[in-house]
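Trainee: Structure provided below as structure tokens; questions to follow.
The values are calculated or read from the model by the stated rules, or taken from the named source; none is laboratory data. These numbers were taken from a predicted model, which means no experiment stands behind them. Cβ atoms come from the backbone with ideal geometry, glycine included; neighbour counts cover every protein chain shown.
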Ligand code: DX5
Ligand code: ZN
């Protein structure tokens with residue numbers, strides 16, 4: 001299991017020190033939650049731009065960008081500047097599959113991996129046609145919009161279904177789960193077929209980042 005730490009709840013004051021501590025603690029990725037105030041209520045654009053700038057200059061840990069926005073293309077362009085490992089776009093942001101495929105091609109042409117994300121109520125079958133074109137599926141295990149929520153149990157079944165399908169089809173995709181992940185549910189996510197977890201609150205609120213990340217990886 002790989003761990004992508006969501007930096008949504010990192011306080012501005014001593015953020016550089018926190019990023020350094022997370023790197024030392026062994027996070028595999030930094031998860032950047034970009035919210036535009038339209039696709040979801042919150043707006044994190046300025047904060048996430050500022051944090052990405054810092055991270056880009058102080059660390060080699062790859063950035064995992066999650067776009068919860070309506071105007072996908074303009075945010076793809078503004079976050080490609082930080083040379084992230086991947087950019088993940090939402091299925092629900094697009095008017096049709098054709099538009100999603102255009103976004104994905106544009107991102108890939110810019111030497112960046114791509115992910116497709118879906119909200120808890122969007123059926124997994126909806127993205128089956130897109131699977132051959134993505135590196136990652138980011139399954140939202142809470143409603144997108146804020147940190148600190150509880151994982152919705154039915155999303156675990158969804159991950160299982162996706163894992164079975166990709167196996168049957170011989171597709172190699174990372175399955176990443178995002179929202180409300182902690183030591184109580186990480187095992188069920190691993191068993192369902194998830195190989196990357198996003199965790200914000202459970203890591204940032206812990207006393208010892210290193211111990212928490214190790215436990216999340218090994219539970
Ligand atoms: C929710 C975000 C998540 C989330 C992670 O919209 O995509 O990345 O904030 O934070 P926790 O672990 O607090 O749910
Ligand atoms: Zn996220």
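Trainee: Being within 12 Å of ligand 1 (Cβ to nearest atom) and in contact (Cβ under 8 Å) with a residue 40 or more places away in the chain is the requirement here; does residue 138 meet it?
Mentor: On the way: within 12 Å of ligand 1 (Cβ to nearest atom): yes; in contact (Cβ under 8 Å) with a residue 40 or more places away in the chain: yes.
So residue 138 passes the test.
Trainee: Let me confirm something: among 56, 42, 60, 111, which residue is away from ligand 1 (no atom under 14 Å from the Cβ) and either at positive phi or touching a residue at least 60 places away in the same chain (Cβ under 8 Å) (or both)? Show your work before the answer.
Mentor: Values: 56 fails: either at positive phi or touching a residue at least 60 places away in the same chain (Cβ under 8 Å) (or both); 42 fails: away from ligand 1 (no atom under 14 Å from the Cβ); 60 fails: either at positive phi or touching a residue at least 60 places away in the same chain (Cβ under 8 Å) (or both).
The match here is 111.
Trainee: Next question, about the same structure. From 156, 116, which residue is under 26 Å from residue 182 (Cβ atoms), more than 16 Å from ligand 2 (Cβ to nearest atom) and in contact with a helix residue (DSSP H, G or I) (Cβ under 6 Å, 6 or more places away or on another chain)? Break it down into steps so the answer makes sense when it comes.
Mentor: On the way: 116 fails: more than 16 Å from ligand 2 (Cβ to nearest atom).
Result of the check over 156, 116: 156.
Trainee: In addition: Taking the stated definitions as given, is residue 145 surrounded by fewer than 21 Cβ atoms within 10 Å (Cβ to Cβ), within 13 Å of ligand 2 (Cβ to nearest atom) and under 23 Å from residue 179 (Cα atoms)? Walk me through how you get there before you give the answer.
Mentor: On the way: surrounded by fewer than 21 Cβ atoms within 10 Å (Cβ to Cβ): yes; within 13 Å of ligand 2 (Cβ to nearest atom): yes; under 23 Å from residue 179 (Cα atoms): yes.
Yes.
Trainee: Considering only the stretch 68-96, how many residues are closer than 21 Å to residue 199 by Cα and without any contact (Cβ under 8 Å) to a residue 40 or more places away in the chain?
Mentor: Residues that pass the stated criteria total 3.
Trainee: Return the only residue of 23, 2, 41 being within 14 Å of the chain's Cα centre (by Cα) and surrounded by fewer than 20 Cβ atoms within 10 Å (Cβ to Cβ). Explain how you work it out, then say what you get.
Mentor: Values: 23 fails: within 14 Å of the chain's Cα centre (by Cα); 41 fails: within 14 Å of the chain's Cα centre (by Cα).
The match here is 2.
Trainee: Condition first: more than 16 Å from ligand 2 (Cβ to nearest atom), at pLDDT 95 or above and closer than 16 Å to residue 1 by Cβ. Can you find one or more residues in the stretch 126-138 that meet it?
Mentor: Looking through the stretch 126-138, none of the residues is more than 16 Å from ligand 2 (Cβ to nearest atom), at pLDDT 95 or above and closer than 16 Å to residue 1 by Cβ.
Trainee: Further question: Considering the stretch 183-206 alone, what residues qualify as being near ligand 1 (Cβ under 8 Å from one of its atoms) and without any contact (Cβ under 8 Å) to a residue 40 or more places away in the chain?
Mentor: 202
Trainee: Can you tell me which residue among 206, 202, 154 is more than 18 Å from the chain's Cα centre (by Cα) and surrounded by 15 or more Cβ atoms within 10 Å (Cβ to Cβ)? It would help to see each step written out before you state the result.
Mentor: Details: 202 fails: more than 18 Å from the chain's Cα centre (by Cα); 154 fails: surrounded by 15 or more Cβ atoms within 10 Å (Cβ to Cβ).
Going through 206, 202, 154 in turn, just one is more than 18 Å from the chain's Cα centre (by Cα) and surrounded by 15 or more Cβ atoms within 10 Å (Cβ to Cβ): 206.
Trainee: Are any of the residues in the stretch 46-58 farther than 16 Å from residue 7 by Cα and surrounded by 14 or more Cβ atoms within 10 Å (Cβ to Cβ)?
Mentor: no
Trainee: Can you tell me which residue within the stretch 159-188, out of those that are closer than 23 Å to residue 9 by Cα and in contact with a helix residue (DSSP H, G or I) (Cβ under 9 Å, 6 or more places away or on another chain), is farthest from ligand 2 (Cβ to nearest atom)?
Mentor: Pass one, the stretch 159-188, residues closer than 23 Å to residue 9 by Cα: 176-186.
Checking the rest, the ones that are also in contact with a helix residue (DSSP H, G or I) (Cβ under 9 Å, 6 or more places away or on another chain) come to 177, 179-183, 185-186.
Details: 177: 10, 179: 7, 180: 11, 181: 11, 182: 15, 183: 19, 185: 16, 186: 16 Å.
Taking the candidates together, the pick is 183.
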